[in-house]
Amino acid sequence: MHPVFQFLLATFLFMLIHVSVMALCARAFGITIRRIAYGVGPTVLSIGKAQIRLLPFAGSVVLKDTREQQIYDDESGGDIYNERPLWQQLAVLLSGVAVPLILALGLLGAQGWPSFTGAFAQIISGALAPLHMAQLLLADGASFAATHGFVLLFALVSVKLCAFNLLPFGGLNGGQALLALARGGKPYVAWEETVAKWLLLPGLAVTLAWLVAFGFFCWSQP
């Protein structure tokens, strides 16, 4: 299989695990799940609360949350995400990273932890130079794919995506966890919405830069 398709398939599998684990964790705590989205863009298929969307390379879990929707008296109870104890909020946010990270580290062995810790600097440096540094990093990944099986490539992609999701930016698990910590267990604080919007900007910039980098990499491949 061409390295590009291996990258895409590994990203898709990571997304399935990432989203599903967060949903299962929320369910285990008794938090109501409003929607589970596998992918982004228009909905292709709906199965209960789960939605399969057109571009299957990201996803989300929408929970019952007073910050996002109006909760009526007959809906109130212990199933509201932002009213749960802080440790449960953090567990839901970080479970989708923790489980695939542990799996990937187990598959990669000794090289797993250095690959994970080094990913943070690689993500930022690649985003700052999508047509140079990011191309070198993607080429390294393609070389790894050519000399290792898909299972190990999936593990390598997983540790990189775990690091990406832990960045302190809006829309990512790391940024959401930081906001939860800053709230100090409170269901709502007045400044959170404004801060969350500002934190979205660097996250979007990094994501767009890597999309450009990956698109250029795909175009330049024979």
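Of note:
- 3J(HN,Hα) couplings calculated from phi for the range 34-46 with the Karplus curve 6.51 cos²θ - 1.76 cosθ + 1.60 (θ = phi - 60°) are, in sequence order, 7, 7, 10, 10, 9, x, 10, x, x, 6, 8, 8, 10 Hz; Gly and Pro show x.
- Distance between the 7 Å Cα→Cβ label points at L54 and F144: 3.1 nm.
- Gyration tensor verdict on the range 155-218 (Cα atoms; rounded if a/c is under 1.5, prolate if a/b is larger than b/c, oblate otherwise): oblate
- Global geometry of the range 92-181, whether rounded, prolate or oblate, following the gyration tensor of its Cα atoms and the 1.5 cut on a/c: oblate
- Remark: accessible surface ordering of W198, W113, W191 (largest first) is W198, W113, W191, probe radius 1.4 Å.
- Taking a straight Cα-Cα cut-off under 18 Å and skipping sequence neighbours fewer than 8 places away in the same chain, the lysines within cross-link reach of K49 are K64.
- Averaged over its residues, the range 66-222 has an accessible area of 53 Å² per residue, based on protein heavy atoms and a 1.4 Å probe.
- Mean residue ellipticity (222 nm) of the chain, computed from DSSP H runs ≥ 4 via -39,500 (n - 2.57), nearest 500: -21000 deg cm²/dmol
- Accessible surface of the range 1-129, 1.4 Å probe, proportion on carbon and sulfur as whole %: 66
- Largest-first ordering by accessible area, 1.4 Å probe, given options L131, L101: L131, L101
- Remark: relative contact order (the chain) = 21 percent; criterion is Cα-Cα distance under 8 angstrom and separation of 6 or more residues.
- Nonlocal amide H pairs with L167, under 5 Å, H built at 1.01 Å: G174
- Furthest towards positive pole of dipole, V99, P56, I80, structure part the range 1-109, Cβ charges: P56
- A DSSP coil position with no more than 10 other Cβ atoms inside 10 Å describes the following chymotrypsin sites (Phe, Trp or Tyr not before Pro) in the range 1-102: Y72.
- Separation of the range 182-206 and the range 77-116, taken as the distance between their Cα centroids, equals 20 angstrom.
The values are calculated or read from the model by the stated rules, or taken from the named source; none is laboratory data. Since the model is a prediction, treat every value here as computed from it, not as a measurement. As a convention, Cβ positions derive from the backbone with ideal geometry for all residues, glycine included, and neighbour counts pool all protein chains shown. The area values use the complete protein model at the heavy-atom level, side chains included, leaving out ligands, DNA and RNA. Shrake-Rupley method; radii C 1.70, N 1.55, O 1.52, S 1.80 Å.
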